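Some notes on the structure that comes next.
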Amino acid sequence: MTRDDGRRYLAKSIPIMDVAHRLGISGLSRAGVEHVGACPVCGDGGKRHPDRFAINPARGVYICRQCSSGGDGLALVQFVMGCDFKAALSYLAGEEDVQPDPAELSRRRAAAEEQARKQADYAAQSRARAIRDAREIWHTAQSGAGTAVEAYLAGRGIRLPEWPPTLRYLPHHPYRKYFAGRGVVDWFHGPCMIAAIQDRNGRVTAVHQTFLDPDRPGRKRLVVAPDGSAVDEKGKPWPAKLVRGSKKGGAIRLTRFNDTGLMIMGEGIETTLSPLTAGIRTDAVYWAGVDLGNMGGIMEKTPGARWSGQPDLQDGDAWLPPDGITRLVFIQDGDSDPNSTRAKLLSGLRRAAHHHPGLQGWIVKAEQGRDLNDMLRKAPENDE
Ligand SMILES: [Zn+2]
């Protein structure tokens, strides 16, 4: 036990709405489970983004979508006051030189644990609901073979000898996503590739949705928001790909498992399938890792290094190759920041080697600025 434990328990037992009140945050309005409004740091989002700042009391967290800041009550104090953790702790739990008496300490601990338990229950319920949604989507979808999904992949230069049962199609699928001022709404309906994300036991826990252009076969849809905008607040195009469910630790299984012991994994479906369609190691198992965060898992924090490349081995939910994989190849796209990308991939390979002693790992790089699928198509530039 450290001297600060009593104060930590105390700080963590304070409901986040009380923390907000203490910080003078007011004028928030209810939107479902969240309380939304102007950000205490960056201000009012105007008519377009009246809910850029939100507190979720059930989860005990806040987020500012403009400041890209979020976290628990202690983080909220640091965010609003611009102070460090120590000062935030003093703000919420006072200065204390001596440990409180044991009865008071255990009362505080119980209160903090109660708060944490409530938040965990809520998170578990949300996760279960998201998984239920994902399975419903999955079960209503039809095989992608011979549909706009096959045309889309062909447009990306991908022709498969055997259609993966994990790739399905829905012709009129809702693009369901948060939109400022309106909450989670259907932006539009349209043709969509539905890919199963399966956990290590093979259960579908999420679906990866790629919205297809209804007018131009073989192309991803250019997503337009309900207010007609084609880009988000930061000027980035809205994503044509969305995940619904719980993807952590899962993968999209694009080819059958076999006993070669060799697995090739990229982030996306198209990148992963590119070497296969080019005839490279057609004997390997090809799975897509969905995104870098999932492939790398949580990394250890090393002072001074932004990206340690060392896996946090406490992360029990992180993706791991299945038993029988002895050689693991990660495809590194050239179109994302090379340093953070490499660190995440290294973290994933090191975690895999830790759990499967003797496993060999490689990172194969696409050319700078292009992903492997671009190279396959010999396109002059990435149209992602
Ligand atoms: Zn803000």
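All of the numbers you see were taken from the coordinates with simple rules; none came from a lab. Remember, predicted model here, so these are calculated numbers, not experimental data. Cβ placement follows ideal geometry from the backbone for every residue including glycine, while neighbour counts extend to all protein chains displayed.
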* To do: Taking H placed 1.01 Å from N in the peptide plane, check which residues at least 5 places from D51 or on another chain put their amide H under 5 Å from its amide H.
  => G181
* Enumerate the amide H contacts of V61 below 5 Å, restricted to partners 5 or more residues apart or on another chain; note that Pro and chain-start residues carry no placed amide H. => N56
* Quickly rank 58-64, 254-260 as a protection proxy: mean count of other C-beta atoms within 10 Å, highest first. => 58-64, 254-260
* Table column - 3J(HN,Hα) (Hz), region 100-111, Karplus curve with 6.51, -1.76, 1.60, x for Gly and Pro -> x, 5, x, 5, 5, 4, 6, 5, 5, 4, 4, 5
* Simple spin-label model, 7 Å along Cα-to-Cβ: S126 to A87 in nm? -> 2.9
* Karplus-derived 3J(HN,Hα), 6.51/-1.76/1.60, for each residue of region 180-187, Hz, glycine and proline x -> 3, x, 10, x, 7, 9, 7, 6
* Tabulate in residue order the Karplus-calculated ³J(HN,Hα) for region 212-225, using 6.51 cos²θ - 1.76 cosθ + 1.60 with θ = phi - 60°, rounded to whole Hz; enter x for Gly and Pro. => 9, 6, x, 9, 10, x, x, 10, 6, 6, 7, 7, 10, 6
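At a Förster distance of 35 Å, what's the computed FRET efficiency of L313 paired with D215, Cβ-Cβ distance as r, to 0.05? Intermediate results must be reported in sequence, preceding the final value.
Details: r = 49 Å, r/R0 = 1.39.
Plugging the Cβ-Cβ distance into 1/(1 + (r/R0)^6) gives 0.10.
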* Asked: So how much slack lies between V33 and E233, counting 0.36 nm per residue of separation and subtracting their Cα-Cα distance, in nm?
  -> 69.6 nm
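Going down the table (K247/K301; K86/K177; K220/K365; K12/K241), which pairs top 27 Å between alpha carbons?
K86/K177; K12/K241, as the Cα separations exceed 27 Å there.
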* Structure fact -> Length-normalised contact order of region 5-117, Cα under 8 Å, at least 6 apart, in percent, tallies to 33
* Cα-centre dipole for the chain with unit charges at Cβ (Lys and Arg positive, Asp and Glu negative), debye to 20 -> 560
* Structure fact -> Among L276, A103, W362, the residue whose Cα sits farthest towards the positive end of the charge dipole of the chain, when +1 is placed on the Cβ of each Lys and Arg and -1 on the Cβ of each Asp and Glu, is L276
* Could you tell me which chymotrypsin sites (Phe, Trp or Tyr not before Pro) in region 292-372 are loop residues by DSSP with no more than 14 other beta carbons within 10 angstrom of their beta carbon? => none
